[in-house]
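The values are calculated or read from the model by the stated rules, or taken from the named source; none is laboratory data. Note that the structure is a prediction, hence the values are computed from the model and not measured. A quick note on method: Cβ atoms are made from the backbone with ideal geometry, for glycine too, and the neighbour counts reach across all protein chains shown.
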Amino acid sequence: MQIHDTRHIERQPPAHRSYSLPYWQGTKQKKLLVQYDRKVGRYQWYPRPTSRFTGQQSNLEWREISGDGEVYSFTLVRRARPSFQGHEPFFIAVVTMPEDIQIMGNTVGISHQEMMVGLKVKPYWHPLPDGFHMLMWQKAAG
């Protein structure tokens, strides 16, 4: 089965909210910045205006992580929304990071035979028209 990736689909950059702007600024340099709550010593994903652990904003800071992780779950998309129609099938994966967070995204260059729970992946930074990048996943070497 031929699995497609979604690199060639034109994307409009998402709205950059004030509380997520550091994440998006990091993507310009292909860096994965994630919020960290200093009070409880834990990372959180997705960007929020306050900590999901304490409800406070003052404890949050942005830290760079590698983005290397492993596939926790995945789905093979066979029917997609309009902008992705005609490019099926493709994978979307939920990836678990060592920092105890999970991030969902499209995959790039992972075949049907290779995709499995536990597969080691690393970031693939897809360029957007505004100079930012969208985080996707590609198979890690080794």
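So, of the residues in the stretch 82-125 that are in contact with an Asp or Glu (Cβ under 8 Å, 6 or more places away or on another chain) and among the polar types (S, T, N, Q), which turns out to be surrounded by the fewest Cβ atoms within 10 Å (Cβ to Cβ)? That would be Ser83.
Being more than 15 Å from the chain's Cα centre (by Cα), free of Cβ contacts under 8 Å to residues at least 12 places away in the same chain and either in a loop (DSSP other than H, G, I, E, B) or assigned by TED's automatic domain parsing to the domain that holds Leu128 (or both) is not true of Gln12. Count of the stretch 120-132 residues, restricted to those that are at pLDDT 95 or above and either within 11 Å of Lys30 (Cβ to Cβ) or in contact with a Ser or Thr (Cβ under 9 Å, 6 or more places away or on another chain) (or both), is 5. Just one of the listed residues (Leu32, Leu60) is surrounded by 14 or more Cβ atoms within 10 Å (Cβ to Cβ) and under 18 Å from Gln138 (Cα atoms), namely Leu32. Within the stretch 26-57, can you find the residues that are more than 20 Å from Asp100 (Cβ to Cβ) and without any contact (Cβ under 8 Å) to a residue 40 or more places away in the chain? Residues satisfying the conditions are Gln29, Pro49, Gln57.
Could you tell me whether any residue of the stretch 106-121 is assigned to a strand (DSSP E or B), touching a residue at least 40 places away in the same chain (Cβ under 8 Å) and over 22 Å from Tyr46 (Cα atoms)? Looking through the stretch 106-121, none of the residues is assigned to a strand (DSSP E or B), touching a residue at least 40 places away in the same chain (Cβ under 8 Å) and over 22 Å from Tyr46 (Cα atoms).
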